[in-house]
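Here the structure is laid out as structure tokens; the discussion comes afterwards.
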Number of protein chains: 2
Amino acid sequence: MAALQKSIDKRNALINATIELVNNDGFHATPMSKIAKMACVSPATIYLYFENKQDLVNKTYLEVKSSYTAYAFATYDETMSVKEGFEVIWKRIAEFKLKEDAYAMFLAQCDNTPMIDEESRQEGIRHLQPLLDVWKRGIKEGVIKPMSDYMLYAYAINPLSFLTIAQNRGALVLDDKQLEQAFEAAWSSIKVCE
Amino acid sequence: MAALQKSIDKRNALINATIELVNNDGFHATPMSKIAKMACVSPATIYLYFENKQDLVNKTYLEVKSSYTAYAFATYDETMSVKEGFEVIWKRIAEFKLKEDAYAMFLAQCDNTPMIDEESRQEGIRHLQPLLDVWKRGIKEGVIKPMSDYMLYAYAINPLSFLTIAQNRGALVLDDKQLEQAFEAAWSSIKVCE
DNA sequence: TAAAAAAGAATGAACGTTCATTTTCTGTAA
DNA sequence: TTACAGAAAATGAACGTTCATTCTTTTTTA
């Protein structure tokens with residue numbers, strides 16, 4: 001157990017160092033030697049845990065994406081109404097993006113650059129299924145406008161990425177009041193008007 | 001005149017090569033030698049037009065941002081009503097992002113990574129002033145919800161970036177009908193309900 | 001004590017940038 | 001118009017550095 005435990009710690013340290021350094025400098029401007037140093041490990045040791053640099057960043061992406069979606073759906077269950085379900089998920093996502101802003105920044109960078117393999121990108125998308133299911137249900141019930149998943153995501157969820165990046169760059173404070181406004185805007189853009 | 005003309009052509013070729021290669025591979029994975037080759041120019045020649053690689057990408061960013069905002073505001077004038085003004089600007093932006101999808105991809109990458117100098121980023125933001133003015137007017141007239149510029153941008157404009165990237169990755173087709181839907185979603189999220 | 005894990009130094013390739021040289025342009029004098 | 005000199009623009013090769021990865025040796029584990 002001690003040995004395994006130690007390995008998991010090192011792996012986590014490598015993943016966390018990758019996130020922090022890539023956020024600051026970008027993927028290709030982050031040398032393996034720097035990641036190793038921040039994780040208190042020899043550069044050679046990275047290759048015991050990951051195949052190469054690309055594998056390291058792919059795995060980091062999937063790990064962050066998993067913790068993101070796990071957090072997002074933790075308090076949702078399928079017996080909720082569409083509106084309630086959406087609100088619960090949306091607010092968990094917002095909470096995650098504010099609390100785990102380094103993760104949010106990292107995901108934004110992965111989603112907007114060619115730094116991740118297409119295969120890992122596809123796998124990351126699959127994690128969102130429960131949200132897509134809420135939307136499908138909402139459209140069937142006539143509560144949500146009949147739009148494609150991409151369009152719904154663009155207006156209901158993606159703006160949060162922009163807001164957290166703006167907040168991270170010091171241009172905006174997202175307090176509770178602003179967040180409630182943001183939720184209202186999100187819901188307004190996808191709901192069917194009564 | 002011949003000499004000057006030639007120079008502008010080369011400069012444009014370098015900027016265009018930068019956009020295409022950075023879109024495909026990312027900033028740091030794009031060597032100067034490759035940019036030079038695509039622009040049919042010697043690597044050394046790049047340094048006659050730009051100080052260094054960072055300067056090249058900063059200037060490229062500002063050039064793209066300028067053509068983006070010039071296009072966005074070309075048909076808008078201040079005598080329009082808030083709703084009409086917003087609609088005109090929004091639709092021009094959408095048109096630009098669909099027609100000039102390479103530019104749109106490039107801007108998305110600049111806005112979500114540390115690849116651009118902070119100074120150039122700030123200058124790029126200033127170009128959006130006319131849009132912020134419409135919003136200010138809309139809030140004063142009670143037509144637009146009193147939200148910060150960042151929030152308004154997040155819900156009304158930024159979703160278009162997500163949609164064009166999705167379209168570019170082959171995951172979505174943004175036809176006229178979808179676009180009208182998207183505009184409705186954008187307007188719904190920021191307007192004051194009657 | 002044997003195997004696994006980790007380390008640091010070494011390697012070779014790739015990169016941004018510069019240098020020495022050649023080519024092209026421009027204005028002037030015949 | 002032609003010839004040409006000086007300046008400007010452009011080039012390909014070269015330089016020094018940095019980086020991802022591997023190799024050999026040492027340390028830790030069981």
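The values are calculated or read from the model by the stated rules, or taken from the named source; none is laboratory data. This is a predicted model, so every value here is computed, not measured. Here Cβ is always computed from backbone atoms with ideal geometry, including for glycine, and neighbour counts include all displayed protein chains.
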Only one of B:Ala171, B:Ala156, B:Ala166, B:Ala185 is touching a Ser or Thr at 6+ places or on another chain (Cβ under 6 Å) and within 10 Å of another protein chain (Cβ to nearest Cβ), namely B:Ala185
Would you point out which residue out of A:Val82, A:Val134, A:Val143 is buried (at least 17 other Cβ atoms within 10 Å of the Cβ) and in contact with an Asp or Glu (Cβ under 7 Å, 6 or more places away or on another chain)? A:Val82
Failed item, numbered, when A:Ser33 is tested on (1) out of contact with any Pro (no Cβ under 6 Å at 6 or more places or on another chain); (2) at pLDDT 95 or above: (1)
Scan the range B:47-97 residue by residue and report those that are within 11 Å of the chain's Cα centre (by Cα) and not aromatic (Phe, Trp, Tyr). B:Leu62, B:Glu63, B:Val64, B:Lys65, B:Ser66, B:Ser67, B:Thr69, B:Ala70, B:Ala72, B:Ile93, B:Ala94, B:Lys97
Which of the residues belonging to the range A:122-134 are over 21 Å from A:Glu87 (Cα atoms) and either touching a residue at least 60 places away in the same chain (Cβ under 8 Å) or away from chain B (no Cβ under 14 Å) (or both)? A:Glu123, A:Gly124
Subset of the range A:26-81 that is within 14 Å of another protein chain (Cβ to nearest Cβ), within 16 Å of DNA strand C (Cβ to nearest atom) and touching a Ser or Thr at 6+ places or on another chain (Cβ under 8 Å) - its residue that is farthest from A:Leu131 (Cα to Cα): A:Thr30
Looking across the range B:101-120 at residues that are more than 8 Å from every other protein chain (Cβ to nearest Cβ) and crowded, with 18+ Cβ neighbours inside 10 Å, the single one that is farthest from A:Ala166 (Cα to Cα) is B:Tyr103
For helices (runs of 4 or more DSSP H) lying entirely in the range A:1-103, having 3 or more residues that are more than 8 Å from DNA strand D (Cβ to nearest atom) and closer than 20 Å to A:Asn168 by Cβ picks out A:2-25, A:53-73, A:82-99
